[in-house]
Amino acid sequence: MSLDEKATKPHDRLALALSEDMAAVNALIRDRMASEHAPRIPEITAHLVEAGGKRLRPMLTLAAARIFGYEGPFHVHLAATVEFIHTATLLHDDVVDESKQRRGRPTANLLWDNKSSVLVGDYLLARAFQLMTDTNNIRVLAILANASAVISEGEVLQLSAAQDLATDEAIYLQVIRGKTAALFSAATEVGGVIAGASEAQVKALFEFGDALGVAFQMVDDLLDYGGASETIGKNVGDDFREGKITLPVIKAVAAADAEERAFWVRVIEKGKQEDGDLEQALGLMAKHGALEATKAAALEWAAKAKAALAELPAHELRDMLADLTDYVVARLR
């Protein structure tokens, strides 16, 4: 891909428009991830923070604040807060999932150990709360503290729903609203709050982030059954091999006959997978239109996100967020 082609991506245009702010965010992250007494903390944090992540969540905070003309400095603190919370959840997730790869690189728990990953994740959460209090704004503290609780709740719910074919679409939506959408919506909401947006506008920012986060996770779950490894940052079929109940599986199980259900019980609930099972699962999903139905759901949530943006003032960054929303689901085509 040429540089010109890369520059046409909505995410890259957004990064370019927010480059000065993001430089300040990155400098603050580097400063706050330091530890005088425990050198392993910056080692592990740097491994993940500097692994080439898109920094989407902090950019949502910066963009939301800038749309309302905010001149700083606390949008930078809040963007760094959001990134620290996100990084902490990644460290914890990789331990829970026993992952070996993250963004194409070995995970921290593989390079160091589980104990270090969990404890450094805890440290980053503590740093996040320190950054929040720097703003001296009790409302943004409440929003981000609530999001942190919802994220943890979503992860625990996912743990209890894993390998359980009784998991339905309502539970799935609750899980992804927790594990993904909660931080998206908090990121956009606090940007509006710190900038003094109206209540209606703050609500629209929340609804945009929530819908974008749901669409984003649905796309990720769908790509697990047909995306390229370099696109999704993990191996195709990982969710299947781990017995995760995502929307394509839920829709295929809901339409299954007795023989098909026995297959799903074996490979998901009992975890007894054999060569060729992933291909059979894909065949059943195709037979019942599960992948197409999941794609339609993701597109519907993306449309909700764009509708929420219409409530915000006309601004170049608002248009970029709309383009970003289209790009999230364009990965499906």
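Below, the figures for the structure above:
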| read-out | value |
| --- | --- |
| Pick from the range 220-267, criterion of a type in the set (A, V, I, L, M, F, W, C) and within 18 Å of ASP93 (Cβ to Cβ), ranking: modelled with the lowest pLDDT | ILE232 |
| ASP164 vs. criteria touching a residue at least 60 places away in the same chain (Cβ under 8 Å) and touching an Asp or Glu at 6+ places or on another chain (Cβ under 9 Å) | yes |
| Complete set of residues in the range 126-151 that are closer than 18 Å to LYS179 by Cα and either in contact (Cβ under 8 Å) with a residue 12 or more places away in the chain or in a loop (DSSP other than H, G, I, E, B) (or both) | ALA128, ILE143, LEU144, ALA145, ASN146, ALA147, SER148, VAL150, ILE151 |
| Check on VAL156, surrounded by fewer than 21 Cβ atoms within 10 Å (Cβ to Cβ), within 19 Å of THR87 (Cβ to Cβ), of a type in the set (A, V, I, L, M) and at pLDDT below 95 | no |
| Hits in the range 126-142 (condition: in contact with a helix residue (DSSP H, G or I) (Cβ under 8 Å, 6 or more places away or on another chain) and surrounded by fewer than 20 Cβ atoms within 10 Å (Cβ to Cβ)) | PHE129, GLN130, THR133, ASP134, ASN137, ARG139, LEU141 |
| The lone exception for ASP113 - which of (1) under 19 Å from the mean Cα position of the chain (by Cα); (2) among the acidic types (Asp, Glu); (3) at pLDDT below 85 it fails | (1) |
| Where a residue in the range 13-37 is in contact (Cβ under 8 Å) with a residue 60 or more places away in the chain and more than 16 Å from ALA187 (Cα to Cα) and its partner, wherever it lies, is buried (at least 19 other Cβ atoms within 10 Å of the Cβ) and of a type in the set (S, T, N, Q), with Cβ under 6 Å and at least six apart | MET33/THR45 |
| Every residue from the range 315-333 that is in a loop (DSSP other than H, G, I, E, B) and in contact (Cβ under 8 Å) with a residue 24 or more places away in the chain | HIS315, ARG331, LEU332 |
| Of residues in the range 18-31 being more than 22 Å from the chain's Cα centre (by Cα) and surrounded by 12 or more Cβ atoms within 10 Å (Cβ to Cβ), the one modelled with the highest pLDDT | ALA24 |
| Residues that are under 18 Å from the mean Cα position of the chain (by Cα) and among the polar types (S, T, N, Q), drawn from the range 154-191 | GLN158, GLN174, THR180, SER185, THR188 |
| Filter result for the condition that a residue is surrounded by fewer than 18 Cβ atoms within 10 Å (Cβ to Cβ), at pLDDT below 95 and not basic (Lys, Arg), over ASP319, ASP326 | ASP326 |
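Residues are listed down the side, and each one gets a yes or a no for (1) surrounded by fewer than 16 Cβ atoms within 10 Å (Cβ to Cβ); (2) assigned to a helix (DSSP H, G or I); (3) in contact (Cβ under 8 Å) with a residue 60 or more places away in the chain:
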residue	(1), (2), (3)
ASP221	no, yes, yes
PHE263	no, yes, no
GLU274	yes, no, no
MET285	no, yes, yes
LYS295	no, yes, yes
PRO313	yes, no, yes
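The values are calculated or read from the model by the stated rules, or taken from the named source; none is laboratory data. Keep in mind that what you see is a predicted model, and the values were worked out from it rather than measured. Because the Cβ atoms are built from the backbone with ideal geometry, glycine has one as well, and the counts that use them run over all protein chains shown.
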